Each structure stands twice: as structure tokens, then as C-alpha cells.
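In what follows, a single structure is set out as C-alpha cells and then discussed.
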């Protein structure tokens with residue numbers, strides 16, 4: 001194993017963009033891609049379920065965490081190429097891929113663009129097969145962010161979208177910690193990334209995905225169950241899991257259940 005692919009935290013620079021990444025465990029590689037407003041730390045609750053059998057790579061998307069806060073318009077294609085460049089740097093030729101929310105959109109694009117690299121694919125609480133009503137809902141949320149609502153404001157308005165009532169009641173300190181972490185998010189980067197969520201739908205191309213795929217979401221995550229079923233219908237070798245009583249942030253709400261489900265899928 002070369003030095004850059006050893007366990008630990010590293011920084012990779014390419015095209016004037018620095019990407020923070022972290023590697024844990026050993027075995028077949030699984031890459032985790034977080035959602036808008038997140039960073040690699042969001043995966044902390046499920047990494048222990050994976051790192052005893054897999055080499056887990058997670059990284060901060062451009063605009064978030066300790067990666068470069070790129071200004072201007074964001075495109076899915078740029079995120080796809082960021083992934084490809086990092087994998088080349090880390091000498092990863094093939095991997096499993098897990099993407100949450102925005103990360104799930106990026107993961108769909110990766111599977112369509114670099115399908116030969118992807119063994120198994122997990123799409124978690126993400127976007128695909130959006131109907132007109134939900135497209136309008138996402139557009140409205142994007143416009144509020146674009147027109148000045150910062151990441152903390154968005155988080156406050158989204159508490160009941162992200163988390164189940166039971167989680168909010170049982171984990172007030174965790175919710176407060178995440179809210180405070182969003183104080184550091186660049187509002188321009190946040191809006192640029194959120195536009196991708198509001199305007200991207202790859203469902204018509206998902207029949208081209210060759211990877212065995214798990215599509216998962218929370219039962220209470222607004223339109224996500226409908227979208228999860230639409231994506232699973234489109235992807236030839238796929239299955240869908242809808243978690244009873246959960247909403248958008250599956251990794252936080254039920255880390256043991258979700259981590260074990262992903263682990264079992266990757267090992268099956």
C-alpha cells in the first residue's frame with residue numbers, strides 16, 4: 001500500500017482544489033459521499049460497522065468541511081470528476097459507493113460515468129423520479145437559500161424534514177451540535193450545491209446502471225419513499241429498503257440498523 005492510501009486523514013490538491021479525505025480499515029474499498037451542508041464526519045456513526053471488513057474512504061465535497069470553498073456555479077459533473085481524481089490519487093480502481101442526499105445524486109452520476117469502477121451502489125435518501133409537486137417544493141427551498149437564508153436558517157426550517165420527532169426529543173444536544181457546525185458553512189457554496197438537488201433528476205438514465213444497487217430511505221422523508229421506488233424500478237439489479245419511522249438523516253437516526261443494512265448488502 002502506498003503512502004497516500006494509508007489509513008488516516010489526508011489532503012489532495014488537483015485543479016486548484018484541495019480535498020480532505022479520511023481512510024480507515026482494510027479490505028475492499030467502500031467510498032462514502034455526504035450530503036449538502038455535511039462533511040466527512042457525518043459518517044462517524046456507521047464507520048465502525050464497515051471498517052472491520054472494508055477500507056472506508058470518505059471525503060469532504062468541494063465547498064464543505066475542509067475542502068476548498070469553490071465559488072460560482074456547481075455542476076454534478078464537477079463533483080464526479082473530483083471523485084475520479086481522488087480515486088486516481090489513492091490508486092483505487094474499483095470500489096463500492098455509498099451516497100447520501102446530494103451525495104446520492106453524485107453517486108448516480110458516477111455510476112453512469114465510471115460504471116466500471118463501481119461494484120455495489122447504495123443510494124440513500126436521495127433524488128430521482130421527482131414529480132411536479134416535489135420539484136416545486138425543492139425549487140422553493142433552493143430559492144430561499146439562494147436569496148439569503150444561510151445554512152443555519154435552512155437547518156432550523158428543516159428539522160422536521162431531517163429528523164423524526166423521536167430523534168429530536170431524545171437527542172437535543174446532537175441536534176444543537178450540528179446546528180452550530182453549520183455556522184461555518186459558506187452560504188454561497190451551500191446555495192450552489194443545493195441548486196443541484198433542486199434541478200437534477202437522472203431517473204431516465206438509471207436503466208444504464210450496471211452495479212447491484214440498494215436504494216434506501218426513511219418512511220417519513222417527504223417524497224423520498226416514492227422516489228426510492230422509482231429509482232429502484234429504473235435500475236435493473238436493485239432493491240429498496242424503506243425504514244419505518246425514520247426521516248432524511250438515516251445515519252444519525254438509526255446508525256446501527258442502517259450501518260448493518262449497508263454492511264450486509266456489501267457482503268452478500
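Annotations for the structure displayed:
- Cα-based shape type of the stretch 36-148, given that a ≥ b ≥ c are square roots of the gyration tensor eigenvalues and the cut on a/c is 1.5: prolate
- Structure remark: mean-square fluctuation, Gaussian network model of the chain, C-alpha springs under 10 Å; the largest value among 100, 108, 39 belongs to 39.
- Considering only the Cα atoms of the stretch 88-132, their convex hull presents on average a projected area of 3.5 nm².
- The chain, helix-only ellipticity at 222 nm - DSSP H runs n ≥ 4, -39,500 (n - 2.57), divided by all residues, nearest 500: -12500 deg cm²/dmol
- Stretch gain in nm, segment residue 113-residue 183, where the contour uses 0.36 nm per residue and the Cα spacing is subtracted: 21.8 nm
- Over the chain, relative contact order from alpha-carbon pairs under 8 Å, at least 6 apart, %: 20 percent
- Just checking the listed ones, 73, 58, 146: in the Gaussian network model of the chain with Cα springs under 10 Å, the one fluctuating most is 73.
- By DSSP, the beta bridges lying fully in the chain are antiparallel in about 30 percent of cases.
- Listed residues 60, 221, 237, most fluctuating in the chain (Gaussian network, C-alpha, under 10 Å): 237
- Contour excess over end-to-end distance, with Cα ends at residue 242 and residue 170 and 0.36 nm allotted per residue: 23.7 nm
- Cα pair distances in the stretch 150-268, grouped into 5 Å bins until the bin that holds the longest one, percent each: 2, 10, 16, 19, 19, 17, 11, 5, 1
- A Förster distance of 30 Å, applied to the separation of the beta-carbon atoms of residue 207 and residue 26, puts the FRET efficiency at 0.30.
- Ranking of 147, 184 by count of other Cβ atoms within 10 Å, fewest first: 147, 184
- Using a Förster distance of 45 Å, the FRET efficiency for residue 66-residue 267 (Cβ separation, nearest 0.05): 0.90
Rule-based calculations on the coordinates, nothing more; no lab input. All of these numbers come straight from a predicted model, not from anything done at the bench. A quick note on method: Cβ atoms are made from the backbone with ideal geometry, for glycine too, and the neighbour counts reach across all protein chains shown.
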